[in-house]
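Asker: Structure incoming, see below.
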Amino acid sequence: MSLSLAVFLILGLASVIFSLLMVFTKNPVHSVIFLILTFFSIAGQYVLLNAQFLAVVHIIVYAGAIMVLFLFVLMLLNLNSAAEPKQSARWKLGAAIAAGMLLVTLVGALKGGIQIAVPENTNPQVGLAQNLGRVLFTDFVVPFEIAGILFLAAMVGAVLLAKRDVKL
Amino acid sequence: MLEVVKNIPIDYYVYLSSLLFCIGVFGVLIRRNAIVVLMCVELMLNAVNLLLAAFSTYLSDAQGQILVFFIMVVAAAEAAVGLGILVMIFRNTKTTDIYSLDNLKF
Amino acid sequence: MKALIPLIPFLPLLGFVLNGLFGRRMSKAAVAAIGCGALLGSLLLSAACFNQVAATGPMHTVAYNFLTVDSLRIDFSFLVDQLSVWMMLIVTGVGFLIHVYSIGYMHGDEGFWKFFAYLNLFIFSMLLLVMGDNLVMLFFGWEGVGLCSYLLIGFWYANKDFSKAARKAFIMNRIGDLGLLLGIFLVFKTFGSLTYSEIFARIDSVQPAPEILTAICLLLFVGAIGKSAQIPLYTWLPDAMAGPTPVSALIHAATMVTAGIYLVARCHPLYSLSPDALQIVAFTGLATSIFAVLIGLRQNDIKKVLAYSTVSQLGLMFVALGMGAYATAMFHVTTHAFFKALLFLGAGSVIHALGGEQDIRQMGGLRKALPVTFWVFLIGAFAISGFPLMAGFFSKDEIFANTYAAGGRWWWGLAGLGGLLTAIYMCRLLFVTFFGTFRGTEEQKHHLHESPAVMTLPLIVLAVLSALGGFLNTPHFLHLGTPQWMAHFLEPVLRNTNLRHGGAPHHLAESTEWTLMAFTTSLALLVIAAAYWVYAVRRSVPLADAAQVRLTRLLANKFYVDELYDLLFVKPLEKLSQILFYFADTWAIDGLVNGVGRGVEAVGARFRKLQNGNIEYYLLAMVAGAVLLFLTLHL
């Protein structure tokens with residue numbers, strides 16, 4: 001077993017465990033913590049995949065911004081495990097069966113079906129900021145601008161929604 | 001050729017991201033707290049991100065990673081608007097239980 | 001000239017549009033000027049056409065192609081031949097006089113402009129009917145005049161009885177129209193064309209079976225029965241007298257009701273090949289003629305009497321057609337248009353003078369108060385009774401002679417009986433109305449007045465025509481003027497045929513003709529004298545309704561035909577519709593509709609539980625769907 005495979009397996013196992021914990025934990029604040037841990041292990045995967053810039057952005061955006069937002073809302077609303085609504089056991093069983101069947105079907109459908117032609121001379125520079133920046137501002141400049149507009153709209157929408165008694 | 005490309009078959013990433021995705025689905029299904037449901041959705045998005053990044057590296061093509069950025073954009077916007085809505089709902093119903101949001105029925 | 005032909009019908013149409021759209025805001029003088037002016041234009045153009053046709057023969061002009069479907073080509077085209085130009089002259093000529101008369105008759109009516117608009121529309125439709133070169137155009141006109149008839153009978157629609165009469169006329173006509181329509185379909189199926197000239201030209205090549213021909217003729221005749229008020233569809237015509245009197249004169253006496261005669265005359269090449277159909281035509285005409293005369297004997301409403309006499313005269317025309325005497329029938333159409341229009345307008349003048357009174361028992365002695373009306377009415381009554389040398393004398397005599405030649409003694413006798421009885425009740429009408437003493441109220445007596453000149457002038461013109469109209473077509477043996485002038489004029493289109501004698505025109509010995517004429521004429525004179533004795537000298541007045549006994553009561557009640565129809569058709573239909581209402585409508589159809597509604601509601605009540613508003617539930621279903629999708633894609 002090579003080192004990289006070992007790292008992959010450890011990170012993968014960690015992300016699966018943390019995500020399961022995130023799902024099962026009663027306290028939503030703990031859920032957030034476990035989700036952040038899951039994101040960190042996924043960021044590790046990115047590093048392993050030689051996508052360093054992506055890993056950094058991932059940490060900053062997800063762990064740094066989005067999850068903080070979640071935490072902030074949780075704190076604002078003062079939700080804890082006591083306020084957590086209970087789900088019935090029968091429903092949990094049904095949900096487990098559904099999700100499990102989805103997994104089985106997905107794996108069954110994708111198993112052995114993936115044939116990619118890996119190029120002989122892979123470019124190790126692909127995941128670097130320089131390269132990504134060039135692609136982003138040349139080939140993807142229009143979607144990039146549109147993403148900016150999306151952000152603006154989301155920002156306005158979020159402010160509007162969260163504000164009390166908005167006079168339009 | 002990269003070390004990781006040589007040693008880890010792409011199938012492994014597929015299985016891992018399928019598993020994470022299904023855990024996300026499972027979480028959406030069993031949790032009643034709307035905020036946790038949103039978090040599970042984020043997990044599902046991340047599962048897809050991981051797969052995209054893996055393919056990007058295996059094919060030595062930057063487009064996959066660019067796509068991940070755009071997904072992050074959407075996820076961030078979604079989280080901002082979704083949480084805004086949730087705050088609004090909580091203000092009106094004093095709960096984030098999605099079972100209380102069943103007025104759109106019958 | 002040819003280019004002007006479409007103007008003839010479209011001038012009245014223009015008048016209709018102008019008066020119909022703007023008449024409400026125009027002065028009565030302007031409305032009358034437009035209405036009469038349009039018709040005068042048509043009359044002058046028709047007269048010009050007449051000259052042209054007499055000089056150079058028929059004209060044909062296509063206004064535009066109406067529709068073309070495969071081999072069926074229908075043009076909006078006009079055929080102006082001897083027959084149609086003759087009808088055009090009658091329609092526009094009599095129509096113009098009646099328009100002028102209406103100016104006086106309707107002067108006080110609120111719907112003055114509407115009346116003139118309708119009249120112009122009627123003239124337009126009637127001209128389409130007679131000028132069209134195909135059966136579709138005829139049908140257009142046919143329906144158009146039916147519509148106008150409806151509108152004008154129900155002109156005073158505020159009166160429930162009047163609008164009921166209008167509906168009755170319309171429905172009765174629909175029955176006939178159905179026959180006409182079926183006949184037209186059958187013509188197209190048989191001959192592959194609807195244009196007269198093509199139909200008649202194809203008779204030899206198509207060689208239709210006699211049964212088909214008879215069927216076509218009878219179906220067309222059903223249309224004629226409806227429009228021309230023959231048994232069994234005649235009951236609408238007496239009721240149609242609800243309309244203003246000029247309408248009765250124009251539509252229900254002089255022109256529209258003769259459309260049936262025109263139809264049969266126009267299609268005579270078909271009828272001549274079907275002796276059975278002609279026999280039925282003659283028989284229907286004869287039966288109607290006598291039936292209507294008998295009813296007319298005991299009517300006391302001045303317009304009803306004239307209505308029944310119209311029915312019987314139309315019957316007489318059908319007898320002539322049935323005998324193959326087409327030109328003779330057209331001759332009687334012409335003279336009848338003159339004297340019947342005259343009689344109706346005269347009656348209108350009387351009604352006008354009496355302020356709306358129509359019962360002859362309330363009249364009497366009007367001779368002195370209404371001298372002009374009296375004299376023209378006298379001429380009209382004598383003309384229809386067959387007083388020597390007047391219009392009816394010649395035309396009726398010709399019908400009788402043809403009936404004798406083609407049908408034999410019995411037909412002649414029965415047709416003559418109808419003519420004789422006509423003389424009786426027309427003279428009864430004349431003498432009871434104008435002789436004796438006035439029997440109306442003092443107030444009416446006070447207001448008695450002769451009609452204005454705008455009404456009497458058309459009466460005088462019509463009186464002259466009624467008196468002299470017979471000279472259009474004098475018989476050979478009298479050697480008066482140009483014998484058979486009209487028959488000669490119509491000959492290129494129509495000629496009398498005697499089917500019994502191989503299609504040749506009838507030829508009676510001069511002595512026979514003299515005998516026949518002397519016999520009928522002396523009888524008519526006798527009847528006139530007797531009526532004068534009874535009603536003018538002895539001044540007997542028709543009995544009140546309650547005093548009628550047995551036969552006279554039967555006649556006064558019109559043989560209870562209306563009641564019979566009510567019992568046979570109306571009542572069962574009402575019952576049937578009630579049954580259908582309860583079972584088919586309320587139970588079956590409503591049940592079905594409501595059942596569908598309730599079923600959907602019930603199914604929805606169960607299935608809406610699926611939409612429980614729980615997002616996770618939906619997500620679960622979505623996941624299950626995704627799984628199924630993967631499975632179907634990859635198994």
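Asker: Find the accessible area per residue for the range C:222-358; the probe is 1.4 Å, ligands and nucleic acids are left out, and the unit is Å².
Answerer: 13 Å²
Asker: With only Lys, Arg, Asp and Glu charged, each at its Cβ (+1 for the first two, -1 for the last two), find how big the charge dipole of chain B is about the Cα centre; round to the nearest 20 debye.
Answerer: 420 debye
Asker: I would also like to ask the following. Which part of the range C:604-635 falls in the paramagnetic zone of A:Gln87, meaning amide N under 13 Å from the point 7 Å along Cα-to-beta-carbon?
Answerer: C:615-621
Asker: Can you report the principal axis dimensions of the range A:124-168 using only the alpha carbons, biggest first, rounded to whole angstrom?
Answerer: 53, 18, 9
Asker: Among C:Lys28/C:Lys227; C:Lys227/C:Lys304; C:Lys28/C:Lys304, which pairs are too far apart, with a Cα-Cα distance over 28 Å?
Answerer: Distance filter (> 28 Å) returns C:Lys28/C:Lys227; C:Lys28/C:Lys304.
Asker: Can I ask one more? Looking at A:Gln130, A:Asn80, A:Gly148, which one has the Cα that reaches farthest to the positive end of the dipole of chain A (charges on Cβ: Lys, Arg +1; Asp, Glu -1)?
Answerer: A:Asn80
Asker: Pop out the Kirkwood hydrodynamic radius of chain C from its pairwise C-alpha distances, inverse of mean 1/r, in Å to one decimal.
Answerer: Taking every pair of different Cα atoms in chain C, averaging 1/r and inverting gives 26.4 Å.
Asker: I've got another one for you. Using only the alpha carbon atoms of the range B:3-97, find the Kirkwood hydrodynamic radius as the inverse mean reciprocal pair distance, in angstroms to one decimal.
Answerer: 14.8 Å
Asker: Now a separate question. Which number do you get for Rg(Cα) / (2.2 N^0.38 Å) in the range C:563-634?
Answerer: Rg over 2.2 N^0.38 Å, computed on Cα atoms: 2.37.
Asker: Further, regarding this structure: Mind jotting down the three principal axis lengths of the protein assembly as shown based on Cα atoms? Whole angstrom, largest first.
Answerer: Per principal axis, max minus min of the Cα coordinates gives 143, 66, 51 Å.
Asker: Let me ask another. Over the Cα atoms of the range C:281-359, how large are the radius of gyration and the largest Cα-Cα distance (Dmax), in Å?
Answerer: When restricted to Cα atoms, the range C:281-359 yields Rg and Dmax of 14.1, 45 Å.
Asker: Is the shape of the range A:70-168 best called rounded, prolate or oblate, per the rule: a/c under 1.5 gives rounded, else a/b larger than b/c gives prolate, else oblate, with a ≥ b ≥ c the square roots of the Cα gyration tensor eigenvalues?
Answerer: Cα axes put the range A:70-168 in the oblate bin.
Asker: In debye, nearest 20: dipole of the protein assembly as shown around its Cα centre with unit charges on the Cβ of K, R (+) and D, E (-)?
Answerer: For this selection, approximately 2020 debye.
Asker: Given charges of +1 on the Cβ of Lys and Arg and -1 on the Cβ of Asp and Glu, with all other atoms neutral, how large is the dipole of the range C:563-634 about its Cα centre, in debye to the nearest 20?
Answerer: I would put it at about 440 debye.
Asker: For the range A:1-81, take the alpha-carbon Rg, divide it by the Kirkwood Rh, and send me Rg/Rh.
Answerer: On the Cα set of the range A:1-81, Rg over Rh gives 1.06.
Asker: Which value, in Å², gives the accessible area per residue of the range C:1-133 when a 1.4 Å probe is used on the protein heavy atoms?
Answerer: On a per-residue basis, the range C:1-133 sits at 38 Å².
Asker: Can you tell me how the range C:21-84 classifies by the Cα gyration tensor, rounded, prolate or oblate, using a/c under 1.5 as the rounded cut?
Answerer: Judged from the Cα gyration tensor, the range C:21-84 comes out oblate (a/c at least 1.5, b/c at or above a/b).
Asker: I'd like the FRET efficiency for A:Ile17 and C:Val596, computed as 1/(1 + (r/R0)^6) with the beta carbon distance as r and R0 of 60 Å, rounded to 0.05.
Answerer: With R0 = 60 Å, the Cβ-Cβ based efficiency is 0.55.
Asker: Given a 1.4 Å probe and no ligands, DNA or RNA in the count, how much accessible surface is buried by A and B, both sides, to the nearest 100 Å²?
Answerer: Adding both sides of the contact gives about 7200 Å².
Asker: With only alpha-carbon atoms in the gyration tensor, what are the semi-axes of the equivalent ellipsoid for chain A, in Å, largest first?
Answerer: The answer is 32, 28, 17 Å, longest axis first.
Asker: Dividing the alpha-carbon radius of gyration of the range C:343-479 by 2.2 N^0.38 Å (N being the number of residues), what value is obtained?
Answerer: 1.21
Asker: May I pose another question? Write down the Å³ per residue value for the convex hull defined by the alpha carbon atoms of the range C:74-221.
Answerer: With only Cα atoms used, the range C:74-221 gives 109 Å³ per residue.
Asker: With the Cα gyration tensor of the range C:41-143 giving a ≥ b ≥ c as the square roots of its eigenvalues, does the rule (a/c under 1.5 for rounded; else a/b larger than b/c for prolate; else oblate) give rounded, prolate or oblate?
Answerer: Because a/c hits 1.5 or more and a/b fails to exceed b/c, the range C:41-143 counts as oblate.
Asker: Set the bar at 30 Å for Cα to Cα. Now go through C:Lys164/C:Lys558; C:Lys189/C:Lys558; A:Lys111/C:Lys609; C:Lys2/C:Lys189 and name every pair that lies beyond it.
Answerer: C:Lys189/C:Lys558; A:Lys111/C:Lys609; C:Lys2/C:Lys189
Asker: Specify the residue with the greatest mean-square fluctuation among A:Val104, A:Val16, A:Val73, computed from a Gaussian network of chain A linking alpha-carbon atoms under 10 Å apart.
Answerer: Comparing A:Val104, A:Val16, A:Val73 in a Gaussian network model of chain A, the most mobile one is A:Val104.
Asker: Here's something else I'd like to know. What average count of beta carbons from other chains do you get within 10 Å of the Cβ of residues in A:105-118?
Answerer: Whole-number average of other-chain Cβ neighbours for A:105-118 is 6.
Asker: Let me ask another. For B:Met88 and B:Glu3, what is the calculated FRET efficiency with R₀ set at 41 Å and r taken between the beta-carbons, to the nearest 0.05?
Answerer: Given R0 = 41 Å and the Cβ-Cβ separation, E is 0.25.
Asker: Let me ask something additional. Relative contact order (percent) for the range B:3-97, with alpha-carbon contacts under 8 angstrom and 6 or more residues of separation?
Answerer: 28 percent
Asker: Per 10 Å bin, what percent of the C-alpha pairs of the range C:191-252 does each bin hold, from zero upward?
Answerer: The percentages, shortest bin first, are 19, 33, 21, 20, 7.
Asker: Taking the Cα centre of the range B:3-97 as the origin and placing charges on Cβ (Lys, Arg +1; Asp, Glu -1), which of B:Met72, B:Tyr13, B:Gly27 is farthest toward the positive end of the dipole?
Answerer: The one lying farthest along the dipole's positive direction is B:Gly27.
Asker: Tell me the label-point distance for the pair A:Asn121, C:Arg553, using the 7 Å Cα-to-Cβ offset, in nm and rounded to one decimal.
Answerer: That separation, rounded to one decimal, is 12.7 nm.
Asker: Further, regarding this structure: Could you run the Debye sum over the Cα atoms of the range C:199-296, one equal point scatterer each and no solvent, and tell me log10 of I(q)/I(0) at q = 0.18, 0.19, 0.21 Å⁻¹, two decimals?
Answerer: The computed values of log10 I(q)/I(0) come out as -0.85, -0.91, -1.04.
Asker: Could you check the simple spin-label distance between C:Arg409 and C:Leu468, using points 7 Å along Cα→Cβ, in nm with one decimal?
Answerer: Computed distance between label sites C:Arg409 and C:Leu468 equals 4.1 nm.
Asker: Show which lysines lie in cross-link reach of B:Lys94 when reach means a straight Cα distance below 17 angstrom and same-chain residues fewer than eight apart are skipped.
Answerer: Partners within reach: A:Lys86, A:Lys163.
Asker: Which of the listed residues, C:Pro238, C:Leu480, C:Ala320, is farthest toward the dipole's positive end in chain C, when Lys, Arg count +1 and Asp, Glu count -1 at the beta-carbon?
Answerer: So the residue we want is C:Pro238.
Asker: Normalised by the number of residues in chain A, what is the relative contact order in percent for Cα pairs under 8 Å and 6+ residues apart?
Answerer: Taking the mean separation of contacting Cα pairs over the length of chain A, I get 19 percent.
The values are calculated or read from the model by the stated rules, or taken from the named source; none is laboratory data. If you're wondering where the values come from, they're calculated on a predicted model, not measured in any experiment. Every residue, glycine as well, gets a Cβ built from its backbone with ideal geometry; the counts of neighbours run over all protein chains shown. Just so you know, the surface numbers come from the protein's heavy atoms only, side chains and all, with ligands and any DNA or RNA stripped out. Shrake-Rupley method; radii C 1.70, N 1.55, O 1.52, S 1.80 Å.
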